[in-house]
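The values are calculated or read from the model by the stated rules, or taken from the named source; none is laboratory data. Computed from a predicted model, the values in this text were never measured in an experiment. In this analysis, Cβ positions are derived from the backbone assuming ideal geometry, glycine residues included, and neighbour counts consider all displayed protein chains.
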Amino acid sequence: MRLGQIQILSRTMMPLLIVQFLLGMFANLFVTFSTSTDPNPLAVVFTGGSPALVLHVVVAVVLFILALLVLIAAAFIHRRSLIIIASAGFASMAIAFFSGIAFVYSGYANNSLSYLMAAGFLVALIIYGNFAGRGERTSLAEISKITETEPPKTARSRPLGLTLLQLIAGGIVIFGGFAPIGFNPGIVNAVLGAITLVLGLLAFLSAYAIWKNKKWSLTIARLANIGIVLFSAGQESYTIATATTANTVIGSLGGTVIALGLCIGVVLNLPGGSNGSIPVILTTANQHMRQPVSPRVSLEGENRSETVSL
């Protein structure tokens, strides 16, 4: 992904952050929180909670995934300052997200978690606001420099970076396949776990194809990751609705949103085109063809040729 795409992701996040703030304030001022003793209060939010509170949770999940995509994009650009800022943004979003989930499980009574949620939100708003406006403050010289220097680095690192992303996502998905079978056995969970395991193995196959630059790598990567995103979203909804312990929901939800972000990151970073293969590195010849010949060198060459002819 390029710097402009980070800007697009950040500009997508800005209105969502504002909506998230308004939903949080509305819930805090006008919503009566449930006093149910259900061991899974997050399920109570979706089954009997206020629509504003439900939307607040959904937007939080979307923001968490977008923050992870920004971090992945920054990693592919290979600019240390950008990676540090994107990491801080993701960390602040993660603090806000998991503090919010923990706040629900505290019975809406832990003010420290509420404060952490607000602090994480504020830091995220500043960081992604900076990313959203970064393109407007970038000089023409900087844009030219990024355009000329970054594509070769991105092309060189893409197979390794995508392979690692795919392996991590596949590992999380495979663990998620064993979890429902081991923690809550039953026919439904066995079927869901088996499907999840197959998707995880497809993710590993995708990682192998990307690393080896197989002709079918783009096809298997898109199919595997889109399948994981769609199925995992549905499975997580079922898990939240049926889980009986807080640890099951928190662990499952955390792993799912991270896996979804990684899978979407892989799909967004796949090269376009119909050749079906992933470019590994630009050839030296192509790089030299794009480099303009220095006038000074040309003149020196002409002088040398004139001297010889004389």
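Taking the range 180-208 as the search range and keeping residues that are at pLDDT 80 or above and of a type in the set (Val, Ile, Thr), which one is farthest from Arg222 (Cα to Cα)?
Ile187
Per-residue answers, yes or no, for (1) of a type outside the set (S, T, N, Q); (2) farther than 23 Å from Leu262 by Cβ:
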{"site": "Leu9", "(1), (2)": "yes, no"}
{"site": "Leu16", "(1), (2)": "yes, no"}
{"site": "Gln20", "(1), (2)": "no, no"}
{"site": "Leu23", "(1), (2)": "yes, yes"}
{"site": "Phe26", "(1), (2)": "yes, yes"}
{"site": "Thr37", "(1), (2)": "no, yes"}
{"site": "Met93", "(1), (2)": "yes, no"}
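If only one of Leu230, Leu262 is in a helix (DSSP H, G or I) and either on the phi > 0 side of the Ramachandran plot or in contact (Cβ under 8 Å) with a residue 24 or more places away in the chain (or both), which one is it?
It is Leu262.
Search the range 24-63 for residues being in contact (Cβ under 8 Å) with a residue 24 or more places away in the chain and of a type in the set (Val, Ile, Thr), and hand back the single one that is surrounded by the most Cβ atoms within 10 Å (Cβ to Cβ).
If we take residues in the range 24-63 being in contact (Cβ under 8 Å) with a residue 24 or more places away in the chain and of a type in the set (Val, Ile, Thr), then Val57 is surrounded by the most Cβ atoms within 10 Å (Cβ to Cβ).
How many residues, within the range 233-259, are not polar (S, T, N, Q) and not in a helix (DSSP H, G or I)?
1
Quick check, is Ala102 in contact (Cβ under 8 Å) with a residue 12 or more places away in the chain, in the same structural domain as Gly133 (by TED's automatic domain parsing), within 26 Å of Leu160 (Cα to Cα) and assigned to a helix (DSSP H, G or I)?
No; evaluated as a whole, the condition is false for this residue.
Any residue at all in the range 148-157 that is modelled with pLDDT under 95, aliphatic (A, V, I, L, M) and either surrounded by 18 or more Cβ atoms within 10 Å (Cβ to Cβ) or farther than 27 Å from Met13 by Cβ (or both)?
Checked against the condition, which is being modelled with pLDDT under 95, aliphatic (A, V, I, L, M) and either surrounded by 18 or more Cβ atoms within 10 Å (Cβ to Cβ) or farther than 27 Å from Met13 by Cβ (or both), the range 148-157 yields at least one hit.
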